[in-house]
Amino acid sequence: DARVTQTPRHKVTEMGQEVTMRCQPILGHNTVFWYRQTMMQGLELLAYFRNRAPLDDSGMPKDRFSAEMPDATLATLKIQPSEPRDSAVYFCASGSQRRHNEQFFGPGTRLTVL
Amino acid sequence: AQTVTQSQPEMSVQEAETVTLSCTYDTSESDYYLFWYKQPPSRQMILVIRQEAYKQQNATENRFSVNFQKAAKSFSLKISDSQLGDAAMYFCAYFSYNTDKLIFGTGTRLQVFP
């Protein structure tokens, strides 16, 4: 049963600390998306990659957020330094243009910044 | 820019009954995809159904069906024979070929009563 995996599932950290979230997309999917979900803003697209190349990161605060895809099986989202307003659930999703652009979501990382 | 509107923040239905969730969108594109995602309390985003804009036939997946009105830019979800497990947040989403982005509505919380 192919699925997107994300680690960690939960993260509590203090303001100013670095946070790294990891995502393993479904094998064979060539697009990877990072979303953030909050009560106030709903689901926001932060960044996405196609064939490991970053295509759009306009939704991401540039000064503290960075997203990379070091290989086809791993995508990372890093926040440095973290702030309380970054508290949210971060979802990774993967998809394929050959599969009608459906996006399959991981279970999310719930981040709490104190 | 495309927008997706879900005007019903909450809906409720009795078990075994039918409920319809509304979604409208705004776009100048002629080809796109539309999706409904379900998010239960576990937070996992689950794809429920998709519709390709160039197809006139409404999509159906078991108890879930859509009423796609392209001219009216409306994409409602009908859940027949509602079950307790259908209780969740439901998000309508628009996929743009131009931007490669999935744009989500604000969601409708569905409660199912026994």
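The values are calculated or read from the model by the stated rules, or taken from the named source; none is laboratory data. Only a predicted model underlies this, so the values are computations on that prediction, with no experimental measurement involved. A quick note on method: Cβ atoms are made from the backbone with ideal geometry, for glycine too, and the neighbour counts reach across all protein chains shown. Heads up: the accessible areas ignore ligands, DNA and RNA and are worked out on the full protein's heavy atoms, side chains in. Shrake-Rupley method; radii C 1.70, N 1.55, O 1.52, S 1.80 Å.
At a glance:
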quantity: Which numbered condition B:ARG43 fails, given (1) loosely packed, with under 15 Cβ neighbours inside 10 Å; (2) on the phi > 0 side of the Ramachandran plot; calculated: (1)
quantity: Test result for B:ASN67, more than 30 Å from A:ARG110 (Cα to Cα) and either β-branched (Val, Ile, Thr) or outside any loop (DSSP other than H, G, I, E, B) (or both); calculated: yes
quantity: Selected residue (criterion: farthest from A:LEU55 (Cα to Cα)) from residues of the range B:79-109 that are within 12 Å of chain A (Cβ to nearest Cβ) and of a type in the set (Gly, Ala, Ser); calculated: B:GLY107
quantity: Strands (runs of 3 or more DSSP E) wholly inside the range B:16-57 that include at least 2 residues being over 24 Å from B:ASN98 (Cα atoms); calculated: B:19-21, B:32-39
quantity: Restricting the range B:21-36 to residues that are under 12 Å from the mean Cα position of the chain (by Cα) and either open to solvent by less than 60 Å² (accessible area, probe 1.4 Å) or free of Cβ contacts under 8 Å to residues at least 24 places away in the same chain (or both), the residue that is nearest to A:GLN103 (Cα to Cα); calculated: B:PHE35
quantity: Out of B:SER65, B:SER28, sole residue that is of a type in the set (Gly, Ala, Ser) and in contact with a Lys or Arg (Cβ under 8 Å, 6 or more places away or on another chain); calculated: B:SER65
quantity: Qualifying residue in the range A:86-93 (condition: under 30 Å from B:ALA59 (Cα atoms) and open to solvent by 80 Å² or more (accessible area, probe 1.4 Å)); calculated: no
quantity: Residues being surrounded by 15 or more Cβ atoms within 10 Å (Cβ to Cβ) and either of a type in the set (Val, Ile, Thr) or not in a loop (DSSP other than H, G, I, E, B) (or both) - total across the range A:74-85; calculated: 5
quantity: Options B:VAL48, B:VAL66: the member that is within 27 Å of A:ARG3 (Cβ to Cβ) and open to solvent by 20 Å² or more (accessible area, probe 1.4 Å); calculated: B:VAL48
quantity: Criterion violated by B:SER7 - all others in (1) over 23 Å from A:ASN30 (Cα atoms); (2) modelled with pLDDT of 95 or more; (3) open to solvent by less than 20 Å² (accessible area, probe 1.4 Å); (4) among the hydroxyl-bearing types (Ser, Thr, Tyr) satisfied; calculated: (3)
quantity: For B:SER76: the one exception among (1) open to solvent by 30 Å² or more (accessible area, probe 1.4 Å); (2) away from chain A (no Cβ under 14 Å); (3) assigned to a strand (DSSP E or B); calculated: (1)
